[in-house]
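Quick notes on the structure that follows.
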Amino acid sequence: MLQRLLYQRRFRDSEFAALFAPYRGKEYVALDLETTSLDTKLADIVSMGAVIISENRILASQCFDIKIRATSKLAGDSIKVHRLRHSDLAQASSIEEALPQLLKFIGPRPIVGYNIGYDQRILNRHCKERYGFKLVNPLVDVGRMFADKVHVDHVGISPNQDLVHICQSLGIPLSGRHQAIDDAITAAMIYLRLQFGPRPTSAIPQAISA
């Protein structure tokens, strides 16, 4: 990728050089962010969760779980979703402290997640503003992966990609919803089930949820 090569040159002497190195390993990183809104141009991050997938295993002992100090953008609607209040985040890390730690944890590995393009856009905005680059890691969206693998009896009807439906279809427990580390582990479990398990079926085709 041209962008990766450009970044390799530009950031070869920086703390982020490893992000742009060629990756030939077999590990993935499952990632989830909790944010102050769904607007990728404005949202701030309130928590980050990530875990390494090594071949057919989730390395739960090697997880990344960090909360970010609240900004003025943290308001009622988002608090209802992730249940993180200003008081819960008062002693948390600043984004300036947490973001380099997350990037080091991810490295050049491919990133797995549910609706992972959203998380990528959030990270890209913060990285671009602070460091002058965007992530070049390959992405694996487990919702899209499920849609590609699920067997639907009626041609032309898209599988339901709602997270609850996916987990129910695959027999995966869904706990701690909207907690970054729990959602990252859920995405990792979905990935492994789809990658190494039998092809899932969908007895009742449904439209993609909003």
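In table form, for the structure just shown:
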| quantity | calculated |
| --- | --- |
| Checking Arg85 against (1) modelled with pLDDT under 90; (2) within 19 Å of the chain's Cα centre (by Cα), the condition it does not meet | (2) |
| Number of positions in segment 19-58 that are assigned to a strand (DSSP E or B) and within 16 Å of the chain's Cα centre (by Cα) | 19 |
| Members of segment 20-41 that are closer than 24 Å to Gly132 by Cβ, open to solvent by 20 Å² or more (accessible area, probe 1.4 Å) and aliphatic (A, V, I, L, M) | Ala21 |
| Positions within segment 42-59 being at pLDDT 90 or above and open to solvent by 30 Å² or more (accessible area, probe 1.4 Å), in sequence order | Glu55, Asn56, Arg57, Ile58 |
| Complete set of residues in segment 136-164 that are in a loop (DSSP other than H, G, I, E, B), at pLDDT 90 or above and open to solvent by 40 Å² or more (accessible area, probe 1.4 Å) | Pro138, Asp162 |
| Test for Arg130: is it open to solvent by 70 Å² or more (accessible area, probe 1.4 Å), assigned to a helix (DSSP H, G or I), at pLDDT 95 or above and more than 19 Å from Ala18 (Cα to Cα) | no |
| Residue in segment 107-116 that is modelled with pLDDT of 95 or more, touching a strand residue (DSSP E or B) at 6+ places or on another chain (Cβ under 7 Å) and more than 12 Å from Asp32 (Cβ to Cβ) present | yes |
| Selection status of Ala17, crowded, with 18+ Cβ neighbours inside 10 Å and modelled with pLDDT of 95 or more | no |
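The values are calculated or read from the model by the stated rules, or taken from the named source; none is laboratory data. Source: prediction; values computed, not measured. When we count neighbours, we look across all protein chains shown, and the Cβ atoms used for this are built from the backbone with ideal geometry, even at glycine. Accessible surface areas use protein heavy atoms only, side chains included; no ligands, DNA or RNA. Shrake-Rupley method; radii C 1.70, N 1.55, O 1.52, S 1.80 Å.
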